[in-house]
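The structure appears below as structure tokens.
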Amino acid sequence: MSTRQKLVWVAALYFAEGFPFGLVMDAIPVYLRLQGVSLADIGLLGLVGLPWTLKFLWAPAVDVWGHRRTWVRACQALMCLPLIVLAGLHAHEEVWILWSVLILLAVLSATQDIAIDAYTIELLEKHEMGVANGVRVTAYRLALIAAGGLVVAAAGFAGWGMVFIGAAVLMGLLSMISSRAPLADATTSTAQPRPPRSAADAIRAPLEQFFARPGFLAVAAFVLTFKLGDMAIGPMIKPFWVDRQFTPVQIGLVPGTLGVVATIGGALIGGSLTSRWGIFRALWVLGIFQAVSNLVYAAAAALPPNTALMYGASLVESFCGGLGTAPFL
């Protein structure tokens, strides 16, 4: 298979990886606020996002049992179910069903991420990794624009029920596409699936090695605290736009689309500065920019409603978020 063909598959898979994440973290907060869900409850979306943070806990099991492609297409197909349930749900009345559905969606999405990342590593040769990384990031960001921008804007015209049905159809199509993905070298059609071990061995041994690494606790604490402010404010930005009487179309266009573009620009500049300064200095300097940028939204909340200020706050926060993400990666 040529490198170009491989990159097409990488793009398709990483679009599929980014789309459900964008739905949960970008589109769902707008939907919930428009449905009358309280800000306190919407803040719990940070907990719904934990599967993406904690997926390393069950990654060894995904690595051991079955083929990568099987995991990917199964998770994508199963994600259709919670999306269909969301289409007919009254969010402010059926709260427990809502959170159960969102958690299921997040777990399935995080699990497909594990399989996609592993599949990509097996599919690509070492010399193809560099260009593939660019394709991965681009496809993922385009998925965020589709989920957090186009989906939200479309809801302003077609309604949320139709939008969730459309998202379910898209995930079903992606599952069918993934079923045709070529088998990677480590899982060729003539090879047997990796021999299963016990559940305890499959999960415990890799985790023991991970936790035994020198400085693990310090690194874990740094990772959690570095993104803490961003994670806390993230789910609350779109509801703030709703409370400021912006329409779904405006929200989808500015923070959902232009904001992602600004994030990409910030990441590119942040990557350049990281190469020049080194990771340690870049983490501190660009991390401060990322943290301080949240104050722009604080100013927008304290001052009388102003469209230009909200647009500016979105672009500044998104751009600085990209700056801070580059050295973190």
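For the range 90-118, name all the residues that are of a type in the set (D, E, K, R) and surrounded by 23 or more Cβ atoms within 10 Å (Cβ to Cβ). Listed by number, the list holds a single entry, ASP113. Screening ALA27, ALA61 for residues that are over 30 Å from GLU125 (Cβ atoms), surrounded by 16 or more Cβ atoms within 10 Å (Cβ to Cβ) and either among the small types (Gly, Ala, Ser) or outside the structural domain of ILE165 (by TED's automatic domain parsing) (or both) leaves exactly one candidate, ALA27. Check LEU258, LEU295, LEU286 and return the single one that is farther than 27 Å from PHE157 by Cβ and surrounded by fewer than 20 Cβ atoms within 10 Å (Cβ to Cβ). So the residue among LEU258, LEU295, LEU286 that is farther than 27 Å from PHE157 by Cβ and surrounded by fewer than 20 Cβ atoms within 10 Å (Cβ to Cβ) is LEU295.
Looking across the range 7-24 at every residue that is crowded, with 24+ Cβ neighbours inside 10 Å and aromatic (Phe, Trp, Tyr), the one that is nearest to LEU105 (Cα to Cα) is identified as PHE19.
With a cut-off of at least 2 residues that are in contact with a helix residue (DSSP H, G or I) (Cβ under 7 Å, 6 or more places away or on another chain) and of a type in the set (Ser, Thr, Tyr), name the helices (runs of 4 or more DSSP H) lying wholly within the range 221-326. In the range 221-326, the matching helices (runs of 4 or more DSSP H) lie at 259-277, 279-302. Could we say that PHE289 is farther than 22 Å from GLY49 by Cα, without any contact (Cβ under 8 Å) to a residue 12 or more places away in the chain, of a type in the set (A, V, I, L, M, F, W, C) and not assigned by TED's automatic domain parsing to the domain that holds GLY46 here? Answer is no for this residue. Report yes if some residue within the range 44-55 is in the same structural domain as GLY156 (by TED's automatic domain parsing), among the basic types (Lys, Arg) and closer than 19 Å to GLY134 by Cα; otherwise report no. No, the range 44-55 contains no residue that is in the same structural domain as GLY156 (by TED's automatic domain parsing), among the basic types (Lys, Arg) and closer than 19 Å to GLY134 by Cα.
The C-beta contact set for the range 306-325 (first residue over 30 Å from SER275 (Cα atoms), second residue outside any helix (DSSP H, G or I), distance under 9 angstrom, 6+ apart or interchain) comprises THR307/ARG244; THR307/PHE246; LEU309/LEU303; MET310/ARG244; MET310/PHE246. Could we say that ALA155 is at pLDDT 65 or above and either surrounded by 14 or more Cβ atoms within 10 Å (Cβ to Cβ) or more than 30 Å from VAL242 (Cα to Cα) (or both) here? In short, yes. ALA87 - would you say it is closer than 19 Å to VAL163 by Cβ and either crowded, with 16+ Cβ neighbours inside 10 Å or not assigned by TED's automatic domain parsing to the domain that holds GLY161 (or both)? Yes; evaluated as a whole, the condition is true for this residue. If you take the residues in the range 30-55 that are outside any loop (DSSP other than H, G, I, E, B) and hydroxyl-bearing (Ser, Thr, Tyr), which one is surrounded by the most Cβ atoms within 10 Å (Cβ to Cβ)? Looking at residues that are outside any loop (DSSP other than H, G, I, E, B) and hydroxyl-bearing (Ser, Thr, Tyr), I get TYR31. Set side by side, the residues ILE121, ILE177, ILE165, ILE145 differ, and just one is assigned to a helix (DSSP H, G or I) and surrounded by 21 or more Cβ atoms within 10 Å (Cβ to Cβ), which is ILE145.
The values are calculated or read from the model by the stated rules, or taken from the named source; none is laboratory data. Bear in mind that the values here come from a model prediction, so they are computed numbers and not experimental data. As a convention, Cβ positions derive from the backbone with ideal geometry for all residues, glycine included, and neighbour counts pool all protein chains shown.
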